[in-house]
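Everything below concerns the one structure shown next.
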Amino acid sequence: MTRIAIFTRQIGPYHDARFRAAYAVCPGVTVVSTASQGWFKEFTSFDRSGGYPVVTLFNSLTEYDAAIRADQMREAVFGALDEIRPDCIAIGGWAAAESAAALLWAAENGCPCIITSESQAFDAQRSRSSEWIKKQMVKLCDAALVGGYTHKRYMQDLGMAEDLISLGYNAVDNEHFKISAAAAREDADRLRAEFDLPDHYILASGRFIEKKNFPRLVRAYADAKTAVPDAPSLVILGDGDERANIEAEITATGMQDSVKLAGFKTYEDLPTLYGLSEGFVHVSFVEQWGLVINEAMSTGVPVVASHACGAASTVIADGENGFLVDATQTASIAGALQKLFRMTPAARETMGENAAHAIADWGPDRFGSGFARAVSQAMKSPPRGRLWFWQKLMLQSFSKRIIRAVA
């Protein structure tokens, strides 16, 4: 049995769905969780159903950061890999100290590596120096597992051969959302009262940070509602530093009675909020993928999404299962919302069914098959020679850096 170590910073609900799928096709998988904590508590507050073995290096982001600052990440990663003795390693992209440490171990032990990524070429301003570093790290990997087509093209730009790149990285547990949303619709009146939801609403969800573009969404919604006075309400899930700006936009547009900020919801509650809505909106300026799009489409609702979202070019067909917009243009967003608001219930239902059908092929099974293919490709790669001195110095340096950017 091929032993495989998969690195992840934490295990959230969508990680769990992916790792279960990987374990089903590659039973030699061991997951190495380096921080065991997400950026906000709602991200990891769920019961892991796993079955796959997990090795935890550090129990919080505080411990994780402290270990990097003290140059202890390499020791922790080496210790875990010495114990697992993998035949193949999957690292979580280039923007992590543990990825650099794992590449060092792999080079010393002749172990092939897979790199996973959800980055696109247009996600950020690119500099020659940072792109050169990424290319050097990609050169040390033998195969890749990425989200969709735009992510594949960027991985090719970084030097990975096309036939060594598999798709399907960005998966969620489609069945969790599909089944629970259907159940919610059977008990709609009670659940609307329990969650204090309007009779008719569209939904948005995300951290309240600048790139999520919520103030512009509120402004576009106000314009659309002016054109379609009986439009459904807008319910926004989440919280964060941008809350004051969002609230200010709600007040400035006079939408206090039509826009509701409903806070974070648990993983168990999310399908209800999606399922009772009449559509979902996600118009980020920058979004490597946008897993909330998967979640919404799995529940069978139409989606309005920006072209910047990695999911958009892969799973959304404009006018068929949703609408694509320019996140920088209020009129573009407002126009799509007006189209959604003017649809008949039957047309909206058909569009939602199309959305569910489209995302069905991009669930955990797609991750599992893509992962198995990447492992097979990596295992076929010829043995690598020893690292050059400068390569070793580069990886040692990055194993001591706290990196938050993911682009």
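In the range 249-286, the qualifying residues are those that are hydroxyl-bearing (Ser, Thr, Tyr) and in contact with a Lys or Arg (Cβ under 8 Å, 6 or more places away or on another chain), and the one that is surrounded by the most Cβ atoms within 10 Å (Cβ to Cβ) is Ser284.
When you scan the range 313-325, how many residues do you find that are within 15 Å of His151 (Cα to Cα) and crowded, with 24+ Cβ neighbours inside 10 Å?
1
Does at least one position in the range 121-142 carry a residue that is of a type in the set (D, E, K, R), part of a helix (DSSP H, G or I), more than 21 Å from Ser399 (Cα to Cα) and within 19 Å of the chain's Cα centre (by Cα)? No, the range 121-142 contains no residue that is of a type in the set (D, E, K, R), part of a helix (DSSP H, G or I), more than 21 Å from Ser399 (Cα to Cα) and within 19 Å of the chain's Cα centre (by Cα). Scan the range 90-98 and give yes if some residue there is surrounded by 14 or more Cβ atoms within 10 Å (Cβ to Cβ), modelled with pLDDT of 95 or more, farther than 25 Å from Ser376 by Cβ and more than 17 Å from the chain's Cα centre (by Cα), otherwise no. Yes: the range 90-98 contains one or more residues that are surrounded by 14 or more Cβ atoms within 10 Å (Cβ to Cβ), modelled with pLDDT of 95 or more, farther than 25 Å from Ser376 by Cβ and more than 17 Å from the chain's Cα centre (by Cα). Here Gly12 fits the description: crowded, with 16+ Cβ neighbours inside 10 Å, under 27 Å from Arg401 (Cβ atoms), small (Gly, Ala, Ser) and modelled with pLDDT under 95.
Considering the range 240-330, the qualifying helices (runs of 4 or more DSSP H), each wholly inside and each with 2 or more residues that are within 19 Å of the chain's Cα centre (by Cα) and closer than 27 Å to Leu191 by Cα, run over 270-275, 291-298. Only residues that are at negative phi and crowded, with 19+ Cβ neighbours inside 10 Å were counted in the range 220-248, giving 14. Evaluated against (1) touching a strand residue (DSSP E or B) at 6+ places or on another chain (Cβ under 9 Å); (2) at pLDDT below 95; (3) among the hydrophobic types (A, V, I, L, M, F, W, C), Phe40 falls short on exactly one condition, (1).
Residues in the range 62-72: is at least one under 22 Å from the mean Cα position of the chain (by Cα) and in a loop (DSSP other than H, G, I, E, B)? No.
Among the residues making up the range 158-180, those that are farther than 20 Å from Arg20 by Cα and either out of contact with any helix residue (DSSP H, G or I) (no Cβ under 8 Å at 6 or more places or on another chain) or crowded, with 19+ Cβ neighbours inside 10 Å (or both) are Leu158, Met160, Ala161, Leu164, Ile165. Please work out which residue is farthest from Ala372 (Cα to Cα), limiting yourself to the range 165-195 and to residues that are among the hydrophobic types (A, V, I, L, M, F, W, C) and within 22 Å of the chain's Cα centre (by Cα). Only one residue fits best here, namely Ala181.
For the range 146-154, does any single residue satisfy the condition of being in a loop (DSSP other than H, G, I, E, B), buried (at least 19 other Cβ atoms within 10 Å of the Cβ) and of a type in the set (Gly, Ala, Ser)? Yes; the residues of the range 146-154 include at least one that is in a loop (DSSP other than H, G, I, E, B), buried (at least 19 other Cβ atoms within 10 Å of the Cβ) and of a type in the set (Gly, Ala, Ser). Selection of the range 50-83 for residues being in contact (Cβ under 8 Å) with a residue 12 or more places away in the chain and of a type in the set (S, T, N, Q) yields Thr56, Asn59, Ser60.
Does Phe78 qualify as being part of a loop (DSSP other than H, G, I, E, B) and either modelled with pLDDT of 95 or more or of a type in the set (Phe, Trp, Tyr) (or both)?
For Phe78, the condition - part of a loop (DSSP other than H, G, I, E, B) and either modelled with pLDDT of 95 or more or of a type in the set (Phe, Trp, Tyr) (or both) - is not met.
Looking across the range 220-239 at every residue that is small (Gly, Ala, Ser) and either touching a residue at least 40 places away in the same chain (Cβ under 8 Å) or in a strand (DSSP E or B) (or both), the one that is nearest to Glu349 (Cα to Cα) is identified as Ala231.
Please work out if Leu217 is within 21 Å of the chain's Cα centre (by Cα), touching a residue at least 60 places away in the same chain (Cβ under 8 Å) and farther than 25 Å from Met343 by Cβ. No. If we scan the range 356-371, do we find a residue that is in contact with a strand residue (DSSP E or B) (Cβ under 7 Å, 6 or more places away or on another chain) and within 30 Å of Ile89 (Cα to Cα)? There is at least one residue in the range 356-371 that is in contact with a strand residue (DSSP E or B) (Cβ under 7 Å, 6 or more places away or on another chain) and within 30 Å of Ile89 (Cα to Cα). Within the range 18-37, the set of residues being under 16 Å from Gly363 (Cβ atoms) and either at pLDDT below 95 or touching a Phe, Trp or Tyr at 6+ places or on another chain (Cβ under 8 Å) (or both) comprises Arg18, Phe19, Arg20, Ala21, Ala22, Tyr23, Val25. Among the residues of the range 58-87, the one identified as in contact with a Gly (Cβ under 9 Å, 6 or more places away or on another chain) and crowded, with 23+ Cβ neighbours inside 10 Å is Pro86.
Could you list, in sequence order, all residues of the range 336-353 that are without any contact (Cβ under 8 Å) to a residue 24 or more places away in the chain and more than 18 Å from Gly275 (Cα to Cα)? Passing the criteria: only Lys339.
The values are calculated or read from the model by the stated rules, or taken from the named source; none is laboratory data. What you are looking at is a predicted structure, and each value in this text was computed from that prediction instead of being measured. In this analysis, Cβ positions are derived from the backbone assuming ideal geometry, glycine residues included, and neighbour counts consider all displayed protein chains.
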